[in-house]
Amino acid sequence: MPELAEVELARRIWEPGIGQQIVAVDSHPRTRVYRDTPASIIESALSTTFIVSSRSHGKRILFSFGNGGSRKSTGTNPTTHLELHLGMAGRLFLAGHDYETTKHDHFILRTKKLSLVYSDYRQFGRVYLHDPCVDPWESLPVEVLDARFTLAGLRRLTIRRMRTTLKALLLDQTVFPGVGNWMADEICWRIPCHPGTRLQELNLARLRTVSRQVCRGALHHVADKNPPRDGTRGFSPGSYVEQVPPRRWLFQHRWKAGGSCPRCRSPLSRGTIATRTTAWCPTCQPEGKSQA
Ligand SMILES: [Zn+2]
């Protein structure tokens, strides 16, 4: 499943549509991606509007629509907000205005110049509208790279959860929005700390510092180094990028047969922690070693 850096890269793929007017909305109305808002309601809400802005938060993408061009150039406030989740296999790409819909293209925004295509053959993704409001994301958890992601805030969020494991905490989207399996393993390895360590054994200041380093690095190596020069190739989990985090990251070794720790060369261990398949270095991250 795409994590925050892949989601941000996907958002950038559709960015060329900002400022353009929607002349048609195509959908496959009976697919599961419309389980929150019927396709017909999305179509009527977005037709003839302009794409005003977009942003990502964790694993979420938001495109906002209004009655004028970009907010920057016209001062128009968005009136409608469309949220996209990529699920397991959702893909965003750009095509020409006359692009012909294929079987798995469940949602297409058409402008005079472009088709913004959302394709999802597994249909675990979601496309839905928010009720009209200024900011539908106002109450979302603070992102890891936000200045408000403080040590005091992290302490508040974890104070009643001291028996939770580090891996489970990292996967909790209310605490680390956008962090998924590969980033969680990377953070544990960088601390370094066994992913099954209970929070009571953990140095939260170190966790905060390292999680911010990994989020910043992931955005740099995945979103920034893969500029969507050719949006027609789009974003597709697992096969979408030319550039990935470098070999000094655990990312490059965690699923390789015979994969070894890029720091000490020990063979990596694998197991299920917090219900997810997890990789760690038994030498750098021994079980039971306190980080407090
Ligand atoms: Zn190691």
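All of the numbers you see were taken from the coordinates with simple rules; none came from a lab. On a predicted model such as this, the values are computed, not experimentally measured, just so you know. So basically every Cβ, Gly included, is an ideal-geometry build from the backbone, and we count neighbours across all protein chains shown.
Could you work out [θ]222 nm for the chain from helices alone, using -39500 (n - 2.57) per DSSP H run of at least four and dividing by all its residues? Round to the nearest 500 deg cm²/dmol.
Result for the chain, helices only: -6000 deg cm²/dmol.
When the chain is modelled as a GNM with alpha-carbon springs shorter than 10 Å, which of Leu151, Leu219, Leu62 fluctuates the most?
Of the options given, Leu151 has the highest mean-square fluctuation.
GNM on the chain, C-alpha springs below 10 Å: top fluctuator among Ser260, Ser56, Ser64?
In the Gaussian network model the winner is Ser260.
At what distance in angstrom do the alpha carbon centres of the range 193-222 and the range 133-173 lie from each other?
With the range 193-222 and the range 133-173 each reduced to a Cα centre, they are spaced 13 Å.
Quick one: Debye curve from the alpha-carbon atoms of the range 1-135 only, equal weights, vacuum; give me log10 I(q)/I(0) at q = 0.11 Å⁻¹ to two decimals.
Ignoring solvent entirely, the Cα scatterers give -0.33.
Among the lysines, select those whose C-alpha is under 24 Å from the C-alpha of Lys103, and discard any that sit fewer than 8 residues away in the same chain.
Lys112, Lys113
Can you divide the C-alpha Rg of the chain by 2.2 N^0.38 Å and report the result to two decimal places?
It is 1.08.
What are the residues whose amide H is under 5 Å from the amide H of Ile273, where those residues sit 5 or more places off or on another chain and H is modelled from the backbone?
Those qualifying (amide H under 5 Å, at least 5 residues apart or on another chain) are Thr278.
Rounded if a/c is under 1.5, else prolate if a/b beats b/c, else oblate: with a ≥ b ≥ c from the C-alpha gyration tensor eigenvalues square-rooted, which is the range 106-261?
Oblate.
Using the membrane-span-like helix rule (whole DSSP H runs, Cα extent along the own axis of at least 20 Å, mean Kyte-Doolittle hydropathy at least -1.0), which helices of the chain qualify?
Answer set is 204-218.
How large is ³J(HN,Hα) for each residue in the range 252-259, as worked out from phi by the Karplus curve 6.51 cos²θ - 1.76 cosθ + 1.60 (θ = phi - 60°), to whole Hz, x for Gly and Pro?
Residue by residue, the range 252-259 yields 6, 10, 5, 10, 6, 4, x, x Hz.
What are the ³J(HN,Hα) values, in whole Hz, obtained from phi via the Karplus relation 6.51 cos²θ - 1.76 cosθ + 1.60 with θ = phi - 60°, for each residue of the range 25-37 in sequence order, with x given for Gly and Pro?
Result, ordered by residue: 10, 10, 8, 9, x, 8, 7, 5, 5, 9, 5, 9, 9 Hz.
The chain: longest stretch without exposed GluC sites (Glu not before Pro) (DSSP loop, at most 12 other Cβ within 10 Å), sites themselves excluded?
Free of exposed loop sites, the longest segment is 139-241.
If the elastic network links every pair of Cα atoms under 10 Å, which of Ser139, Ser269, Ser44 fluctuates the most in the Gaussian network model of the chain?
Ser139
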